[in-house]
Amino acid sequence: MTSGVTADSQRVFRFAPSPNGYLHLGHAYSALLNFDLARQCGGRLLLRIEDIDTGRARAEFEAAIYEDLAWLGLDWERPVRRQSEHFGDYARALERLDATGLLYACDCKRSDIERLAAGKQGWPRDPDGSPLYPGTCRVKPRRTAREVLAKGGVALRLDMRMASTLAGQGLMWREFGALPRAERSDPAAPRGDDGEGRLVPADPAEWGDVVLARKDTPGSYHVAVVVDDALQGVTDVVRGKDLFAATSVHRLLQRLLDLPAPNYRHHGLVLDEKGEKLGKSVASTALRALRAEGWTPADVRRRIGL
Ligand code: GLU
């Protein structure tokens, strides 16, 4: 663990949106929290464009991110890292995992896995609710991961059992997620509501054999995020608690790739009037829609409680 000893002025925060839609109030909360925390300690704030999903990322959304964040009053360092310009970095990390035999090629479709799971009661599911992959291609590989790294065409999965064995015991992260006092001792509170400065044991096995490269992309969110956080010297990852459980996978990859572990703060999510999570599709909470209605950045801060 690194940043327990990082001097305040050397702390590095980042806001890392995916340009798949317009930013809404939930993004504003995350961005402003990062900005405020960086300012309070005299640290740095980076903006990273997470556009490895080239099928969904659009230039128009990226341009809107810069515009909306500037309107909110944020300032960030330039140049901005755009993940689509760094596939080579993610491919190198995958090659390193493959050199230890941890990756396998998988051409199963999501619908195949869903069909299998639908037929059996009690099929295990990952923290996002997707059925766990049963390891069909691990048992009967049709091509090597090395061939896929050279030519693409199918996904690569991590052999979770082997990876966990190699990573060894004691995998954890330091969590600073501070949440409403009332929820702290509530056993039914969603994970991530765990209070200040706690060491959280990582449990990557609950994700099963995660996909680390997609058919047409030499990388996945999990690989890109740990590689970039390390390359950019990020000491503090401040993001929504919907990514709390994914941190287990990130810690595992950091250990396997010898990357430093940042501190984490998983913040609460901004909810709509019905108490539901805001989605990018909820056009009414898009920052540009609110701006057009006459909202000011101060109104945004008030609405999200900052
Ligand atoms: N790109 C991710 C998103 O927009 C955030 C990733 C992260 O903060 O680790 O949800």
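The values are calculated or read from the model by the stated rules, or taken from the named source; none is laboratory data. All figures in this text were calculated on a predicted structure; none of them were measured in a lab. Cβ coordinates were reconstructed from backbone atoms using ideal geometry, including for glycine residues, and neighbour counts include every protein chain displayed.
I'd like to check something: does the stretch 105-128 contain any residue that is surrounded by 16 or more Cβ atoms within 10 Å (Cβ to Cβ) and among the β-branched types (Val, Ile, Thr)? First the steps, then the outcome.
Within the stretch 105-128, the first condition is being surrounded by 16 or more Cβ atoms within 10 Å (Cβ to Cβ), and the residues that meet it are 105-106, 108, 113, 117, 126.
With among the β-branched types (Val, Ile, Thr) added as a condition, the list becomes 113.
Yes: one or more hits.
Of all residues being part of a helix (DSSP H, G or I) and more than 14 Å from the ligand (Cβ to nearest atom) in the stretch 38-62, which is nearest to THR6 (Cα to Cα)? Just the residue, please.
Applying the first criterion (part of a helix (DSSP H, G or I)) to the stretch 38-62 yields 38-41, 59-62.
Add one more test, that the residue is more than 14 Å from the ligand (Cβ to nearest atom), and what stays is 38-41, 59-60.
Details: ALA38: 13, ARG39: 15, GLN40: 15, CYS41: 11, ALA59: 36, GLU60: 37 Å.
Residue satisfying both the conditions and the ranking: CYS41.
Starting from residues that are part of a helix (DSSP H, G or I) and within 25 Å of the chain's Cα centre (by Cα), keep the ones in the stretch 113-147 and report whichever is nearest to ALA93 (Cα to Cα).
Step one: list which residues in the stretch 113-147 are part of a helix (DSSP H, G or I), which gives 113-118, 136-139, 145-147.
Now narrow it down to the ones that are within 25 Å of the chain's Cα centre (by Cα): 113-114, 145.
Numbers: ILE113: 27, GLU114: 29, ALA145: 13 Å.
Here the residue is ALA145.
In this structure, is ARG161 at pLDDT 95 or above and in contact with a strand residue (DSSP E or B) (Cβ under 6 Å, 6 or more places away or on another chain)? Break it down into steps so the answer makes sense when it comes.
Values: at pLDDT 95 or above: yes; in contact with a strand residue (DSSP E or B) (Cβ under 6 Å, 6 or more places away or on another chain): no.
So ARG161 does not fit the description; no.
Collect the residues in the stretch 150-162 that are surrounded by 19 or more Cβ atoms within 10 Å (Cβ to Cβ) and within 13 Å of LEU102 (Cα to Cα), keeping them in residue-number order.
Taking the stretch 150-162 and keeping what is surrounded by 19 or more Cβ atoms within 10 Å (Cβ to Cβ), we get 154-160.
Scanning the stretch 150-162 gives LEU156, ARG157, LEU158, ASP159, MET160.
Looking at (1) crowded, with 19+ Cβ neighbours inside 10 Å; (2) within 18 Å of the chain's Cα centre (by Cα); (3) of a type in the set (A, V, I, L, M, F, W, C), which is the only condition PHE87 fails?
Of the numbered conditions (1) crowded, with 19+ Cβ neighbours inside 10 Å; (2) within 18 Å of the chain's Cα centre (by Cα); (3) of a type in the set (A, V, I, L, M, F, W, C), the odd one out for PHE87 is (1).
Just the residues that are more than 20 Å from GLY129 (Cα to Cα), of a type in the set (Lys, Arg) and modelled with pLDDT under 95, please, taken from the stretch 240-273.
Once the filter is applied, which keeps residues that are more than 20 Å from GLY129 (Cα to Cα), of a type in the set (Lys, Arg) and modelled with pLDDT under 95, the stretch 240-273 yields only ARG265.
Can you tell me how many residues within the stretch 248-269 are near the ligand (Cβ under 10 Å from one of its atoms), under 18 Å from LEU166 (Cα atoms) and among the hydroxyl-bearing types (Ser, Thr, Tyr)?
Final tally of qualifying residues: 0.
Just to be sure before I move on: is ASP68 away from the ligand (no atom under 14 Å from the Cβ), assigned to a helix (DSSP H, G or I) and either out of contact with any Ser or Thr (no Cβ under 7 Å at 6 or more places or on another chain) or under 25 Å from PRO262 (Cα atoms) (or both) in the structure I sent?
Values: away from the ligand (no atom under 14 Å from the Cβ): no; assigned to a helix (DSSP H, G or I): yes; either out of contact with any Ser or Thr (no Cβ under 7 Å at 6 or more places or on another chain) or under 25 Å from PRO262 (Cα atoms) (or both): yes.
Answer is no for this residue.
Have a look at VAL211, VAL200, VAL223 and point out the one that is surrounded by 14 or more Cβ atoms within 10 Å (Cβ to Cβ), touching a strand residue (DSSP E or B) at 6+ places or on another chain (Cβ under 6 Å), within 17 Å of ALA261 (Cβ to Cβ) and at pLDDT 95 or above. Show your work before the answer.
On the way: VAL211 fails: within 17 Å of ALA261 (Cβ to Cβ); VAL200 fails: at pLDDT 95 or above.
Exactly one residue qualifies, and that residue is VAL223.
Considering only residues that are hydrophobic (A, V, I, L, M, F, W, C), part of a helix (DSSP H, G or I) and either more than 8 Å from the ligand (Cβ to nearest atom) or buried (at least 19 other Cβ atoms within 10 Å of the Cβ) (or both), which ones fall in the stretch 227-247?
So in the stretch 227-247, the residues hydrophobic (A, V, I, L, M, F, W, C) come out as 227, 230-231, 234, 237-238, 243-246.
Narrowing the set further to residues that are part of a helix (DSSP H, G or I) leaves 227, 230-231, 243, 246.
Correct list: VAL227, ALA230, LEU231, ALA246.
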